[in-house]
Amino acid sequence: MDLDELRNALAPHYSRKGRPSIAPELLIRMALIGRLYGITSERRLC
């Protein structure tokens, strides 16, 4: 799945200072995988 468009659309929401955060497209991908495989716990998903 190509998420370049999503990455470009969400680029303004990335933190510019401080500790780097998790990329928003990664969180969306994780949520999608969790739904597809029925994983309800974020800890198990990671």
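Do we have any residue at all in the range 18-30 that's open to solvent by less than 80 Å² (accessible area, probe 1.4 Å), part of a helix (DSSP H, G or I), modelled with pLDDT of 85 or more and out of contact with any helix residue (DSSP H, G or I) (no Cβ under 7 Å at 6 or more places or on another chain)?
No; the residues of the range 18-30 include none that is open to solvent by less than 80 Å² (accessible area, probe 1.4 Å), part of a helix (DSSP H, G or I), modelled with pLDDT of 85 or more and out of contact with any helix residue (DSSP H, G or I) (no Cβ under 7 Å at 6 or more places or on another chain).
Applying a threshold of 7 Å to beta carbon distances and a minimum spacing of six or more residues, or different chains, the list of pairs starting in the range 1-12 at a residue that is without any contact (Cβ under 8 Å) to a residue 40 or more places away in the chain and open to solvent by 70 Å² or more (accessible area, probe 1.4 Å) and ending at one that is among the β-branched types (Val, Ile, Thr) and not in a helix (DSSP H, G or I) is empty. When you scan the range 32-43, do you find a residue that is β-branched (Val, Ile, Thr), under 13 Å from the mean Cα position of the chain (by Cα) and modelled with pLDDT of 85 or more, even just one? Yes - at least one qualifying residue is present in the range 32-43.
The values are calculated or read from the model by the stated rules, or taken from the named source; none is laboratory data. Every value quoted in this text rests on a predicted model; they were computed, and no experiment measured them. Counting neighbours? That spans all protein chains shown, and the Cβs are built from the backbone with ideal geometry, glycine included. Quick note on the areas: whole protein, heavy atoms, side chains included, nothing else; ligands and nucleic acids left out. Shrake-Rupley method; radii C 1.70, N 1.55, O 1.52, S 1.80 Å.
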